[in-house]
Amino acid sequence: MNLLLIEDDDAIAEPLQNGLERQGFVVRRESTGIAGIEVLNGSFHPEIVLLDLGLPDIDGYEVCRRIRVSSSVPIIVVTARGDEIDRVLGLELGADDYLVKPFGFRELVARIHAVTRRTSGRDETVDSPIRIADGFTVDLRSRRAILDGKELALTRKEFDLLALLATEPGAIHTREEILEQVWDAHWYGPTKTLDVHIASLRRKLGDPTLIETVRGVGFRLRSGSSPVTKGTETADTGEGS
C-alpha cells in the first residue's frame, strides 16, 4: 500500500517511516505541506495520507482543504493538537481520522487499516436515490447528498453516517451500532467522535430537527416528506446521550 507521510519533524518521521515500511507500506515522506500536495499530482499515487498539522510552510488544515478539492484519498491527521476544536476543524475539512501524539504504533497501523477498509469496501448496491424530505435526497451509488438542488460538501464519515441513517428513516440506531458500522467493529477511540460528526452534519443540513437524538440510546433520521426547514431549532438535538 502506498502511503504519503507529511511530517517535518525528523525525530518522528524517520522511525515512523521505518516502522511502516517494515509493515509492508511503500512510504513517501515530505516535510512541507506544498511538497505533499504536489506529490498527489505526480507519479506516486498514495492510498492514504498521514498529515501533521504543524508544518513549516502552510498549516496542515490548509493542506487538508487543498487535498480535498481534487482528491478523495483518505487522510489521517497525526498531531499534537488535541483540543476538541482542533479535532472538529480537521474532520470538517475532510480528514477521515484524527490521532493525537503521542500515539502507539500499533494503534496507528490499526487505524490505517480501518480507514482503508471503510473507504474501499463501501456498499453501493442501492440503485435509486433515497428521498429523505422534500428537496433532500441521498444517492448511495454516487455518494451524493442533494439539498434544494445543491450537493452538500460532506466528509467521508459524514456521508457514511448520513447514509446509515438514511437507509432506514425513522429507525433508531444505537451509538454502538453507528460506531461499529461507520467507524470500526473494534472502535477504541472516544465516543465523542460520533457527537462531533452529528453536530457537523446537522449544521450542514441546515435543519437540526432532521437528525433526532434518542436520549440514552442513539440517533434516528426523521421520517416523512416534510421539507427541510433551514435555521430551525429543537430541544431534541443534544449531542450527548
Quiz item: How much length is gained on full extension from I172 to R65, taking 0.36 nm per residue of separation minus their Cα-Cα distance?
Solution: 35.2 nm
Quiz item: Per the Cauchy relation, a quarter of the hull surface: what is the mean projected area of the convex hull of the alpha carbons in the chain, in nm²?
Solution: 13.2
Quiz item: To the nearest 10 degrees, how steeply does helix 192-205 sit against the main Cα axis of the chain, on a 0 to 90 scale?
Solution: 60
Quiz item: So which trypsin sites (Lys or Arg not before Pro) in region 16-69 pass both tests, a DSSP loop state and at most 12 other Cβ atoms within 10 Å of the Cβ?
Solution: none
Quiz prompt | Interchain or long-range residues, amide H under 5 Å from R81's placed H | solution = K101
Exercise. Find, among the chymotrypsin sites (Phe, Trp or Tyr not before Pro) in region 1-106, those assigned to loop by DSSP (not H, G, I, E, B) with at most 15 other beta-carbon atoms within 10 angstrom.
Key: F44, F103
Practice problem: Grab the DSSP H runs of the chain that are 4 residues or longer, score each as -39,500 (n - 2.57), total them, divide by all residues and round the 222 nm result to the nearest 500 deg cm²/dmol. | Solution: -10500 deg cm²/dmol
Self-check item: Charge-dipole axis of region 130-221 as Lys and Arg at +1 and Asp and Glu at -1 on Cβ define it, positive-most pick from S142, F219, A171
Solution: S142
Quiz item: Using alpha carbons only, how many degrees (0 to 90, rounded to 10) separate the axis of helix 105-120 from the longest principal axis of the chain?
Solution: 50
Exercise. Mark the label point 7 Å from the Cα of S72 along Cα→Cβ and return the residues of region 79-103 whose backbone N is within less than 18 Å of it.
Key: 92-97
Quiz item: So what is the relative contact order for region 130-221, in percent, with contacts set as C-alpha pairs under 8 Å and at least six apart?
Solution: 27
Quiz item: Projected onto the charge dipole of the chain (+1 at Lys/Arg Cβ, -1 at Asp/Glu Cβ, origin at the Cα centre), which of P129, N2, Q23 gives the Cα projection farthest towards the positive end?
Solution: P129
Quiz item: Where both partners of a DSSP beta bridge lie in the chain, what percent of those bridges are antiparallel, to the nearest 5?
Solution: 50
Exercise. Report the relative contact order of the chain, percent, no decimals, based on alpha-carbon pairs under 8 angstrom and at least 6 residues apart.
Key: 13
Quiz item: Using 18 Å as the cut-off for backbone N distance, which residues of region 29-64 belong to the label zone defined by a point 7 Å from the Cα of N18 along Cα→Cβ?
Solution: 29-30
Quiz prompt | Binned Cα-Cα distances of region 130-221, short to long, each 10 Å bin given as a whole percent | solution = 16, 55, 26, 3
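Readers should treat all values here as calculations from the given coordinates under stated rules, not as data from a laboratory. On a predicted model such as this, the values are computed, not experimentally measured, just so you know. Positions of Cβ are backbone-derived with ideal geometry, glycine not excepted, and every protein chain shown enters the neighbour counts.
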